[in-house]
């Protein structure tokens, strides 16, 4: 005969408290003392008690799950994989499940059908039909980066200070001898791309220069990067180059080599988004560690911190990327 699974009543009896007190303690709600909470948790562990999440969701109108929405085409990029694992790890600590949501066609008006308590999104824009559907559910949404077109509809955000980060990189290149710095930038459409472009243009203008840039896709192909970098090096006299979109460093390095440039000496090259392979390239490429796992975890922590009205004391958390200097910006 299969052993009977322990119930909340069993936990309460073992801890010597009421069922209500046991429930409050297990859900980490106010109303019980720390000593009572510890006693209940110890009893639950001793009995191997597992909360019946589906049954509890029927009583509380909660599902114990968070929907995670990544940008279309992003799953092959290390940043979003790390971000997703950060969300999952943090959710597991809180006893929550994470559901990876599918993408939809731009003209698909159907509402999202995921049974979740709310959403975590990253690099999102309301031009995406999936994001519009998520916002229209009325459930709380936490975003990594601000959501363009979603102003006033996001419960909390974890954002990077891209202005400070990019300025620090531009100053680093200048100290290494660069005088004409070009950039390959992502297209307009996300908060990140707008801030990156605005900061680059402003920094160059502040020094009396003229921006030298090309725009490629948010998630570009190698051919796109090759064409943009090749065009800059063939038509402009530059001694440093920053490539913004993730996945751009290796093809940019190849394009520079084919153009006869010595990366690290007569051409400094930096990528904005660090990837594991950057340290293995020849030369290794300078880039920013965006601490994707930490940001993913911070988004989930912000989600669980929301009150019943879907608000939080500090709705915007700002993080500063960490510059990893490698041989590609060594200078002469």
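Computed from the coordinates by the stated procedures, all read-outs in this text should not be read as laboratory data. Since we're looking at a predicted model, the values are computed, not measured. Note that we place each Cβ from the backbone using ideal geometry, even for glycine, and neighbour counts take in every protein chain shown.
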Margin query: Just to be sure I understand the model, the point goes 7 Å from the Cα along the line to the Cβ. What's the resulting residue 289 to residue 217 distance in nm?
Written below: 3.1 nm
Next item on the list: Compare 17, 295, 312 in a GNM of the chain, Cα atoms joined below 10 Å, and give the one with the largest fluctuation.
Entry: 17
Note to self: I need the peptides 146-156, 315-325 ranked by packing, meaning the mean over residues of other C-beta atoms within 10 angstrom, with the highest value on top.
What the structure shows: 146-156, 315-325
Notebook entry, point to check: Among 205, 114, 21, which one shows the biggest mean-square fluctuation in a GNM of the chain, springs joining Cα atoms closer than 10 Å?
Noted result: 21
Next item on the list: Express in whole angstrom the spacing between the alpha-carbon centres of region 125-156 and region 166-182.
Entry: 35 Å
Check: Taking Cα pairs under 8 Å and at least six residues apart, what relative contact order does the chain come out at, in percent?
Finding: 17 percent
Next item on the list: Give the label of the value calculated from the structure for percent of Cα pairs over 32 Å apart, choosing from (1) 32; (2) 42; (3) 28.
Entry: (2)
Next item on the list: Report, in degrees rounded to the nearest 10, the 0 to 90 angle that the Cα long axis of helix 249-258 makes with the longest principal axis of the chain.
Entry: 10 degrees
Checklist line | Cα long-axis angle, helix 191-206 against the chain (0 to 90 degrees, to the nearest 10) | finding: 30 degrees
Next item on the list: Determine, for each peptide in 129-136, 6-13, 275-282, the mean count of other beta carbons within 10 angstrom over its residues, then list the peptides with the highest first.
Entry: 129-136, 6-13, 275-282
Check: Could you put 272, 79 in order, starting from the residue whose Cβ has the fewest other Cβ atoms within 10 Å?
Finding: 79, 272
Note to self: Of the candidates 189, 86, 138, which one comes out as most mobile in a Gaussian network treatment of the chain with C-alpha springs shorter than 10 Å?
What the structure shows: 138
Item checked: Sorted by Cβ neighbour density within 10 Å, fewest at the top, the residues 82, 236, 35 -> 35, 236, 82
Check: So if we plug the beta-carbon distance of residue 318 and residue 103 into 1/(1 + (r/R0)^6) with R0 = 22 Å, what FRET efficiency do we get, rounded to 0.05?
Finding: 0.20
Margin query: So the label point goes 7 Å from the Cα of residue 325 along Cα→C-beta, right? Which residues of region 238-277 then have their backbone N under 16 Å from it?
Written below: 264-265, 268-271
Checklist line | Folded to 0 to 90 degrees: helix 34-47 orientation relative to the chain principal axis, Cα | finding: 80 degrees
Note to self: I need the fraction of alpha carbon pairs in region 8-51 separated by more than 13 Å, rounded to a whole percent.
What the structure shows: 37 percent
Item checked: Linear extension gain, residue 89 paired with residue 202, 0.36 nm per residue minus alpha-carbon span -> 36.8 nm
Check: To the nearest 500 deg cm²/dmol, what mean residue ellipticity at 222 nm is calculated for the chain from DSSP H runs of n ≥ 4 alone, each contributing -39,500 (n - 2.57), summed and divided by the residues?
Finding: -12000 deg cm²/dmol
Note to self: Can you tell me how region 220-332 classifies by the Cα gyration tensor, rounded, prolate or oblate, using a/c under 1.5 as the rounded cut?
What the structure shows: prolate
Notebook entry, point to check: Which order do peptides 221-234, 244-257 fall in by mean Cβ count within 10 Å, highest first?
Noted result: 244-257, 221-234
Check: Which order results if 85, 218 are arranged by neighbouring Cβ count within 10 Å, fewest first?
Finding: 85, 218
Next item on the list: Report the relative contact order of region 8-51, percent, no decimals, based on alpha-carbon pairs under 8 angstrom and at least 6 residues apart.
Entry: 41 percent
Margin query: If you take every DSSP beta bridge fully contained in the chain, what fraction is antiparallel? Give it as a percent rounded to 5.
Written below: 10 percent
